[in-house]
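Step one of this worksheet: look at the structure below.
Just so it is clear, none of the values below were taken in a lab; they were calculated from the coordinates. This one's a predicted model, so the numbers in the text were calculated from it and none came from an experiment. Cβ sites come from the backbone with ideal geometry, for glycine too, and all protein chains shown count toward neighbours.
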Amino acid sequence: MDGDSEQGRGFDDLSADTGVWRYAKASRASVIVDAADYFDLMQQAMLAARRRVLLIGWDFDTRIHLAHGRRWYGKRGKGRYPRRLGSFILWLVRHRRKLEVRILKWSYGVLTWPFRGSMVMDLLRWFPNRRIDFKFDTHHPVGCSHHQKIAVLDDRVGVCGGIDMTTGRWDTREHCEGDKRRSKPRGGYYGPWHDATMMVEGEVAGALAALGDDRWAHAGGTPLGPVEGGAQDIWPAELAAQFENVEIGIARTRAEYCGRRAVTEIEELYLAHIARARHFIYAESQYFASRRVAEAIALRVAEPDPPEILLVNPAHAEGWLEQEAMDTARARLSRSIGLKDHKKRFNIVVPFSGEEPIYVHAKLMIVDDKILRIGSSNLNNRSMRLDSECDLFIDCARPGNEGACDAIAGLRHSLLAEHLGLRAEEIGPLLAQHGSMIELVKHCSGGRRQLRRLDLPELTAIEADMADNALLDPEHPEEFFEPIAKRRGLFRKGGILRRPKRAGADG
């Protein structure tokens, strides 16, 4: 079964637009910032579901607590239920007699879950219950991963964004320095973590269900099919709708595999959105390592009157290997863009809480307060060409979306306020006063919460070669196995970003 031709879930209604799989209506939609709110809201939504909970993620850990505090939780007459995810899922199917729970996790988890002791016990407790099905997804080329983070409840409410239901993600929007609630299941502290996702209701949730059903089937599960007789009102009562009756676009990445064609909608959409910018781009991403995206930015900042581009990144990627791959590529690309940036309109900033850097895991972009996109894709080669990804976007230029611009602007102000320790209502006047986001950052970063300009490291010769050859972040799966001499890398003939000439080199 090819996900682009399957009829039962509507895969034939592909959009004719470049970089878009399909458009679908949402009766309500809201961006949820940071996992403290997301975990709590997801628990509320799952309590309301009656037929199916489908959870798809890069990682999934039953040991996390959906809300912090006592072991048992209950409010508004809904009874007492466990906060710990593994126990909550079991409680849910015992109290919802027609509910099925389907969980799909990237196959890398096969290597890690035996070391998550209580998670093993959760899976053993789940195993006898036929209405709980947990699978590892291996349907991808070697070296690629399934990176989507999707949840669908009764085909009525869906979630797509950057937050996995796993350890190390929980944090509040305050990102308090030294917050002891940021603890690992086996003990130990992790630092502040910034993330975002979008909850949607209506037809667009059905589209996400179709995408999830397709992936579930290719991972070896029985096709799920549409939900019948599900709950009509799953939307959490505590979540205010930022958008109502809007059209939402969906874009994907998928590597070619087992006869299924490659899909590069997300990359195409990034290039189109960067080209659309007239005044500014505000973006948050875990990485900045995509050559194509960097070339698109370099073209824009070289214009006589370029848009401002502010990118919020973590100080460093997680782990030594990712730092070698992503931090070196970011430094190389940023310096190359700087050669074109005659008005200094491209800036990368890092959020801090006191002296603790906040790890940015969100994948979000806002263009001119007229386009909002959010999903699982990072600004790196893997997200453009290798891994499975899913992004949502709202474009005010689409018919019926004209009223969404104020909410998009409000979200940008809210995020800047979060990073600078200000109130959202202060951001508009301050932007008018200072004239740009980077000037706002310079003048309002003196408190506990602040954005600091990224200091680019000097690369060793080995690190520079690694970045140039995209050794650990290739653009195609087969490049994992190519000799370095055959790599095309970040700097290519005919591209905007070219390797600087060495003395004596012949053009």
Put in order of increasing Cβ neighbours within 10 Å, starting from the fewest, Asp406, Asp164 give Asp406, Asp164
Checked region 117-245 against the a/c 1.5 cut and the a/b vs b/c comparison, axes a ≥ b ≥ c from its Cα gyration tensor; verdict oblate
Set Lys149/Lys370; Lys149/Lys363; Lys135/Lys363; Lys343/Lys442; Lys344/Lys442, cut-off 21 Å on Cα-Cα distance; pairs above it are Lys149/Lys370; Lys135/Lys363
Relative contact order of region 22-254 (C-alpha contacts under 8 Å, at least 6 apart) in percent is 36
Dividing the alpha-carbon radius of gyration of region 22-254 by 2.2 N^0.38 Å, where N counts its residues, gives 0.97
Put in order of increasing Cβ neighbours within 10 Å, starting from the fewest, Cys396, Cys160 give Cys396, Cys160
